[in-house]
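Below is one structure; the comments refer to it alone.
Taken together, the values in this text are just the output of simple stated rules run on the coordinates, not laboratory data. Only a predicted model underlies this, so the values are computations on that prediction, with no experimental measurement involved. Note that each Cβ is placed from the backbone with ideal geometry, even for glycine, and that neighbours are counted across all protein chains shown.
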Ligand SMILES: C[S@@+](CC[C@H](N)C(=O)[O-])C[C@H]1O[C@@H](n2cnc3c(N)ncnc32)[C@H](O)[C@@H]1O
């Protein structure tokens, strides 16, 4: 890290590892529904009939429920998403970083595919869920052993992650839906910023950290949705994409991820009919690549920062 970056990052808290030793003590403080099964007797460690996605539209109507995955953590992503990204953009033994790890979906997938995982979150209760769900054995000779480490910290300052040490970064930030509705809350949680501008500015700090830590030629992906204000579309995801291009990434893919939480009835369905707007039922999954200084990037000019 350069001294300028170090200075800039001092305003965000440093990373601190949460070891397995604290798990036993803290497990009891978790809500029952957040705990992984007490006996880690797992019926299925792998998905059945898993097929790698091959188009730019992904649609997982049924969330995967293998290993210790559960769909009950607020805003968790379907395990099919990290699985696709891990298989396509990393290999066995690689190191994967999820700086907003939540309930640990990415690290569970890293563990059952033989990748080493580093997870970070500002919310200690999310990390306990993660640790608890990572507390299972992979009793399959075909899956190489891996290490899964969990840290409390801020994605805008990953001071314990070395420069260019990460093979794949996977990011699933909090949705900006609540922005502006929680004015005055002072928290490192990026859902509590007071404006879209601030959200984008802070996410740019995350983009810089991802660029610093990812190895040249390797990938970083982010899943992010848009929202609506005053019956108009707010294209947050495209602003975030520009942030990632701005710090130096190239755009490898833009996947449309179908969302299944839009009901045909209920409050928003009625509103959308009354006020003539469409219900947002997708998110964008961008895949970026950090160029290698050795490569000729001039030919990629149309997939890079254009302004
Ligand atoms: C959408 S959730 C991630 C869910 C995760 N993919 C899963 O499957 O459980 C977003 C997470 O980002 C965390 N978060 C918010 N602001 C953060 C920050 N500045 N640094 C690190 N984590 C942050 C939240 O605490 C939350 O757990």
Segments 12-22, 101-111 sorted - mean Cβ within 10 Å per residue, highest first: 101-111, 12-22
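For the chain, what is the calculated [θ] at 222 nm in deg cm²/dmol (nearest 500), taking -39500 (n - 2.57) for each run of four or more DSSP H residues and dividing by its residue count? Please list the in-between numbers first.
Details: 8 runs with 80 residues, N = 307.
That calculation yields -7500 deg cm²/dmol at 222 nm.
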Expressed as a whole-number percentage, the relative contact order of the chain with C-alpha contacts under 8 angstrom and at least six residues apart is 17 percent
Cα Rg, Dmax, the chain, angstrom units: 19.3, 58
By Cβ neighbour count within 10 Å, fewest first, 270, 258 rank 270, 258
Sorted by Cβ density within 10 Å, fewest first, the residues 91, 283: 91, 283
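Using the count of nearby Cβ atoms within 10 Å as a rough guide to exposure, how do 118, 224 rank from fewest to most? Write out the running numbers ahead of the final one.
Values: 118 27, 224 22.
Neighbour counts put them in this order, fewest first: 224, 118.
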Can you give the relative contact order of segment 236-285 as a percent, counting alpha carbon pairs under 8 Å and 6+ residues apart? 44 percent
